[in-house]
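This report refers to the structure that appears directly beneath it.
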Amino acid sequence: MEPLRDVKLRAGRKRANWIVTTLDGERATSSSGLQIVPNSTFQADRPSKRLVLVAGYGVRNITNPDLRAKLRIAARQCEAVVAIDAAAWLLADAGLLDGHVATIHWQDLKEFAEAFPAVATTSDHFVKSGKYYTCGGASTVLELMFDMLSSLFGPATAFDASNMFVYSDKRAPDATKSAPNLSVRGSPMLVKAVELIAEDIQSPMSTSEIAKHIGVSSRTLHRTFLSELHVTPGKFRSRFRLKQAEYLAASTDLSLEQIALRCGYASASSLCRAYKGVFEETLVRKVSQMV
């Protein structure tokens, strides 16, 4: 849910929104003791674009005719169905993965293949087959989500969300630096360009200036952005500045005028016009709404 949260905070509810349900509407407790309080009871006939199933230990114990029927009804109404960790077992048990390629947590992989011979089992981290996504474990969920975000909102959005989860023990806790360590999130040229954009957000460089700093031509840099992120350097730079402005508006007490100056805009009005032109929404300060 964290990648979705990032998209929602940056792009609004129009682009990403969800509810959490359990089969009986009661809170669920994970094997680590974490309690999840749902929004409501799972309703198979409730229209939904995507259904995400999460299951772990004891998944075989909850299979029953009623659940099979509910999953078949829900799957018919969804554009995509995502099964995380051991949840692929539920889909296979309902006959929804017959003829599809699927994966599951490695501890269940052998038994899964034996129990459902009509499913082409693989040990890949995650698999998309038709409308069904299956994911083999907790650590691979991020990979799956970034792939989905790329398909839904474009590579640039997935790239932005992935930066929230990059960790490096070489990074110093320096609040004056906003450039993430992106060493595994793109080509070296793209990484350098994004780092320059992040470091000079208050006085944004032009595409030609960025290219000169990296030591490539503007045309080469332009091609790289289009190839890897499907946007031009200029559009990416604008979106990056606007999303930083949105973040500051949502998490600080700075005025819109101060935010505009910090993000390279001459005034609050020019910032707001640019924001509305890109996201079709009004930029407002919403510190009190943040959780």
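Below are the figures for this structure:
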{"quantity": "Unique match (being of a type in the set (Lys, Arg), modelled with pLDDT under 50, part of a loop (DSSP other than H, G, I, E, B) and open to solvent by 80 Å² or more (accessible area, probe 1.4 Å)) among ARG185, ARG171", "calculated": "ARG171"}
{"quantity": "Residue in segment 80-87 that is over 23 Å from ALA120 (Cα atoms), open to solvent by 30 Å² or more (accessible area, probe 1.4 Å), not hydroxyl-bearing (Ser, Thr, Tyr) and not in a loop (DSSP other than H, G, I, E, B) present", "calculated": "no"}
{"quantity": "Criterion violated by ILE259 - all others in (1) more than 16 Å from PRO155 (Cα to Cα); (2) of a type outside the set (S, T, N, Q); (3) open to solvent by 30 Å² or more (accessible area, probe 1.4 Å) satisfied", "calculated": "(3)"}
{"quantity": "Members of segment 255-267 found to be touching a Leu at 6+ places or on another chain (Cβ under 8 Å), touching a residue at least 24 places away in the same chain (Cβ under 8 Å) and either in a helix (DSSP H, G or I) or among the hydrophobic types (A, V, I, L, M, F, W, C) (or both), listed by number", "calculated": "LEU256, ARG262, CYS263"}
{"quantity": "Residue satisfying condition, being in contact with a Phe, Trp or Tyr (Cβ under 6 Å, 6 or more places away or on another chain), touching a residue at least 24 places away in the same chain (Cβ under 8 Å) and not basic (Lys, Arg), within set VAL52, VAL59, VAL7", "calculated": "VAL59"}
{"quantity": "Flag if PRO3 is modelled with pLDDT under 90 and exposed (fewer than 13 other Cβ atoms within 10 Å of the Cβ)", "calculated": "no"}
{"quantity": "Scan of segment 106-147 for residues that are closer than 30 Å to ARG239 by Cβ and surrounded by 20 or more Cβ atoms within 10 Å (Cβ to Cβ), ordered by number", "calculated": "PHE126, TYR133, CYS135, VAL141, LEU144, MET145"}
{"quantity": "Residues of segment 193-231 classified as under 25 Å from the mean Cα position of the chain (by Cα), farther than 26 Å from ALA268 by Cβ and not in a helix (DSSP H, G or I), total", "calculated": "1"}
{"quantity": "Some residue of segment 243-253 being surrounded by 16 or more Cβ atoms within 10 Å (Cβ to Cβ), at pLDDT 90 or above and out of contact with any Gly (no Cβ under 7 Å at 6 or more places or on another chain)", "calculated": "no"}
{"quantity": "Qualifying residue in segment 228-235 (condition: among the small types (Gly, Ala, Ser), at pLDDT 90 or above, open to solvent by less than 40 Å² (accessible area, probe 1.4 Å) and closer than 21 Å to VAL191 by Cα)", "calculated": "yes"}
{"quantity": "Hits in segment 45-61 - residues which are open to solvent by 60 Å² or more (accessible area, probe 1.4 Å), at pLDDT below 90 and either closer than 19 Å to LYS131 by Cβ or part of a helix (DSSP H, G or I) (or both)", "calculated": "ASP45, ARG46, PRO47, LYS49, ARG60, ASN61"}
{"quantity": "Which numbered condition ARG72 fails, given (1) open to solvent by 90 Å² or more (accessible area, probe 1.4 Å); (2) over 23 Å from PHE112 (Cα atoms)", "calculated": "(2)"}
{"quantity": "Long-range neighbours under 7 Å by Cβ, at least six apart or interchain, first residue of a type outside the set (Phe, Trp, Tyr) within segment 105-124, second in a helix (DSSP H, G or I) and open to solvent by less than 50 Å² (accessible area, probe 1.4 Å)", "calculated": "ASP108/TRP89; VAL119/ALA92; THR121/LEU109; THR121/PHE112; THR121/ALA113; SER123/LEU109"}
{"quantity": "Qualifying residue in segment 208-222 (condition: of a type in the set (S, T, N, Q), touching a Ser or Thr at 6+ places or on another chain (Cβ under 7 Å), modelled with pLDDT of 90 or more and surrounded by fewer than 18 Cβ atoms within 10 Å (Cβ to Cβ))", "calculated": "yes"}
{"quantity": "Scan of segment 103-121 for residues that are closer than 14 Å to CYS135 by Cβ and of a type in the set (A, V, I, L, M), ordered by number", "calculated": "ILE104, LEU109"}
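The values are calculated or read from the model by the stated rules, or taken from the named source; none is laboratory data. Nothing here was measured: the structure is a model prediction, and the numbers come from that model. Cβ sites come from the backbone with ideal geometry, for glycine too, and all protein chains shown count toward neighbours. What goes into the accessible areas is simple: the full protein's heavy atoms, side chains included, and nothing from ligands, DNA or RNA. Shrake-Rupley method; radii C 1.70, N 1.55, O 1.52, S 1.80 Å.
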